[in-house]
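Visitor: Just dropping this structure here.
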Amino acid sequence: MSVVRCAIYTRKSSDEGLEQDFNSLDAQREACAAYILSQASEGWTLVDTVYDDGGISGGTLERPALRRLLADIEAGHVDIIVVYKVDRLTRSLLDFAKLVEAFDRKGISFVSVTQSFNTTTSMGRLTLNMLLSFAQFEREVTAERIRDKLAASKAKGMWMGGMPPLGYRPDGRSLSIIDDHADIVRAIYAGYLNLGTVRELADHLKDQGIASPRRTTGNGRNYGGGPFSRGQLYQILKNPIYTGHIAHRRRSGLSKGKATHETKIYPGNHPAIISQDQWDTVQAQLKEQTQGTRRGRSPSTSLLAGLLVDEEGEPLIASHACKPASHKSSSSNARRRYRYYVSKQLVRDGAAQAKSANTPAWRIPARAIEQLVIKEIATLFADPLDLAGKAELILQPADLPRLVQCCDTIIDQLKIKPAALLQQLIERLALSSTGLHISIRADALAEQLKLERQQTSTPSFTLTTHVRLTRTGHAMRLIAGAGGSAVQPTGEPHLIKLLIRARRWWQTLSEGEITPTSLATREGVTVSYLLRVVRLAFLSPTIVTAIIDGTLRADVDATKLLDAETYPFQWREQEAMLLPN
């Protein structure tokens, strides 16, 4: 009979009576121990560790004994938790949902001695689902109350927390001015009116040595100290808080399945830094610089634009070329778009001069390197403990379930909408002759995972993957690792078409109603070409799968596949010649 290790958890909200020889915690433990003894025939045994929380409310999870219990669960020392009543574990449905999620992740059940609640039974699991439904309802109602309270408070001009804008510090439910920082804000407004464009303003501030002041967040994280970016300047120039007002952005409805928002401006309780007349003049000038009608812009298809650089730190430019989709296309205008990341010297000097330069010039297929970067980032998040070590995160045992869930969510997001996440996490992608070096912003990663970092932590860490470029026929391919496998988002369409044609032609010939010569005439090809294509119908299934997935050896193209002398008929020998090592 297998041993089922049972831990008893007891709690009492107040300190009253805890000084007695036999108190409420003892009574709870005795009842639970008796229940465990009654299940001895099922292999239940009581662990020696005592988990008692005396004088602590059930409305919080910050309880010493509960934390020790969760740590022991993560370490695999407990199989079942036994409590006197469910409310001894927690009085919050939200916390209850979190605990059950942590229990399920480790395969842990819990039992209430005085209530018909046992997650080892189907009725207990039904009750659990009902409680989780109420927990979801409570979360939504709480969120609505918070949104309504925020809107009502901002309508009265209150500052409702968050990161204070440059020039202000929190002062209760209002803001007070930081004189030195306010002078910078005034200089930004005056400089914009004099210079006329945000680009010139950013260059002017940099030349004058005016940088973003160093500030510290509420959790002790430092930021600032660098030159102002154009995005920061636009944010400052458009923020009505500097005129003594409070802005509140709220959801107004749905349009085409997407949430729409509106912003309302209320008089604030804090002093102004900029006059209303100067603010109005700046807004009018910003509006004049917006040429034409601004349309909704689709996200850039080049995921790594602005991130990818060469060995000298020069950015690779997102480029593309349009070529005819097919020589047999029904439309003469049908064209296919091929995206690349190209070295600046190739664009500026041309291929001939770039060849003579010492620094290698790159022209990389965009989809291949984007897939490689996404794969490397997903691999990083697939091992949460290794990730926590690389990013120097402060990780408690109780944080592990949430960390694993966050990592799984991010991996799913990388598959669906990777652009925003890559721009947030990646500081730089340095491409060299030795490999691709992915610099990850550790602070942004910690923010995604909702964890703190060690005070002495470095701002970033680097992932390195060995890649090189090689030419196959007329195409350039990106090769990752030592095995020689090309990085391909999917199989190459023309190779897949060859497989389909080979199966179709062989099926026709095997029926015996037409000769190869007649079939070649009907298809408009030579007999030699037809027979070389038909050979592909006898390729190893492993090679067929590799063609569809795009994992053939990098130097294998249509010419090599159709070469009658390239590979033998034996499948094992074919695989040795056509697949990566």
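The values are calculated or read from the model by the stated rules, or taken from the named source; none is laboratory data. Bear in mind the structure is a predicted one, so any value in this text is a computation, not a measurement. Glycine also receives a Cβ, built like all others from the backbone with ideal geometry; neighbour counts cover every protein chain displayed. All accessible areas refer to the heavy atoms of the entire protein, side chains included, with ligands and DNA or RNA removed. Shrake-Rupley method; radii C 1.70, N 1.55, O 1.52, S 1.80 Å.
Visitor: State which residue pairs qualify: first residue in contact (Cβ under 8 Å) with a residue 12 or more places away in the chain and farther than 11 Å from GLN285 by Cβ and inside the stretch 193-206, second residue small (Gly, Ala, Ser) and in a helix (DSSP H, G or I) in any location, beta carbons under 9 Å apart, and separation of 6 or more residues or different chains.
Guide: LEU201/GLY191; HIS204/GLY191; LEU205/ALA187; LEU205/GLY191
Visitor: I want to confirm something. Restricting to the stretch 11-36 and keeping residues that are in a loop (DSSP other than H, G, I, E, B) and out of contact with any strand residue (DSSP E or B) (no Cβ under 8 Å at 6 or more places or on another chain), which single residue is nearest to ARG67 (Cα to Cα)?
Guide: Here the answer is SER13.
Visitor: Of everything in the stretch 394-414, what is more than 22 Å from LEU66 (Cβ to Cβ) and either hydroxyl-bearing (Ser, Thr, Tyr) or open to solvent by less than 60 Å² (accessible area, probe 1.4 Å) (or both)? Give them in sequence order.
Guide: Selection gives CYS407, THR409, ILE410, ILE411, LEU414.
Visitor: Right, another one. For a quick check of your reading of the model, give me the residue pairs whose first member lies in the stretch 221-240 and is more than 13 Å from TRP279 (Cα to Cα), whose second is surrounded by fewer than 15 Cβ atoms within 10 Å (Cβ to Cβ) and hydroxyl-bearing (Ser, Thr, Tyr), with beta-carbon atoms closer than 8 Å and at least 6 apart or on different chains.
Guide: Final answer for the pair search is ASN222/THR216; TYR223/THR216; TYR223/THR217.
Visitor: Consider only pairs whose beta carbons are under 6 Å apart and that are at least six residues apart or on different chains; among these, list those whose first residue lies in the stretch 135-151 and is under 24 Å from GLU101 (Cα atoms) and whose second residue is at pLDDT below 80 and surrounded by 10 or more Cβ atoms within 10 Å (Cβ to Cβ).
Guide: Every condition considered, the pairs that remain are ALA135/LEU93; ALA135/LEU94; ALA135/ALA97; GLU138/LEU93.
Visitor: Something else about it: Of the conditions (1) surrounded by 14 or more Cβ atoms within 10 Å (Cβ to Cβ); (2) without any contact (Cβ under 8 Å) to a residue 60 or more places away in the chain; (3) over 18 Å from LYS85 (Cβ atoms); (4) not polar (S, T, N, Q), LEU37 clears all except one; give me its number.
Guide: Here LEU37 meets the rest and fails (1).
Visitor: Under the condition of being within 41 Å of the chain's Cα centre (by Cα) and of a type in the set (Gly, Ala, Ser), which residue from the stretch 1-33 is modelled with the lowest pLDDT?
Guide: It comes out as SER13.
Visitor: Taking the conditions exactly as written (open to solvent by less than 50 Å² (accessible area, probe 1.4 Å), modelled with pLDDT under 70 and not polar (S, T, N, Q)), does ALA482 satisfy them or not? Working first, answer last.
Guide: On the way: open to solvent by less than 50 Å² (accessible area, probe 1.4 Å): no; modelled with pLDDT under 70: yes; not polar (S, T, N, Q): yes.
So ALA482 fails the test.
Visitor: Report yes if some residue within the stretch 78-101 is surrounded by fewer than 16 Cβ atoms within 10 Å (Cβ to Cβ) and in contact (Cβ under 8 Å) with a residue 60 or more places away in the chain; otherwise report no.
Guide: There is at least one residue in the stretch 78-101 that is surrounded by fewer than 16 Cβ atoms within 10 Å (Cβ to Cβ) and in contact (Cβ under 8 Å) with a residue 60 or more places away in the chain.
Visitor: Would you check if GLU42 is of a type in the set (D, E, K, R), over 23 Å from LEU400 (Cα atoms) and either in contact with a Pro (Cβ under 6 Å, 6 or more places away or on another chain) or open to solvent by 60 Å² or more (accessible area, probe 1.4 Å) (or both)? Explain how you work it out, then say what you get.
Guide: Details: of a type in the set (D, E, K, R): yes; over 23 Å from LEU400 (Cα atoms): yes; either in contact with a Pro (Cβ under 6 Å, 6 or more places away or on another chain) or open to solvent by 60 Å² or more (accessible area, probe 1.4 Å) (or both): yes.
When the stated conditions are applied, GLU42 passes them.
Visitor: What's the total number of residues in the stretch 307-335 that are hydroxyl-bearing (Ser, Thr, Tyr) and at pLDDT 55 or above?
Guide: Within the stretch 307-335, residues that are hydroxyl-bearing (Ser, Thr, Tyr) and at pLDDT 55 or above number 1.
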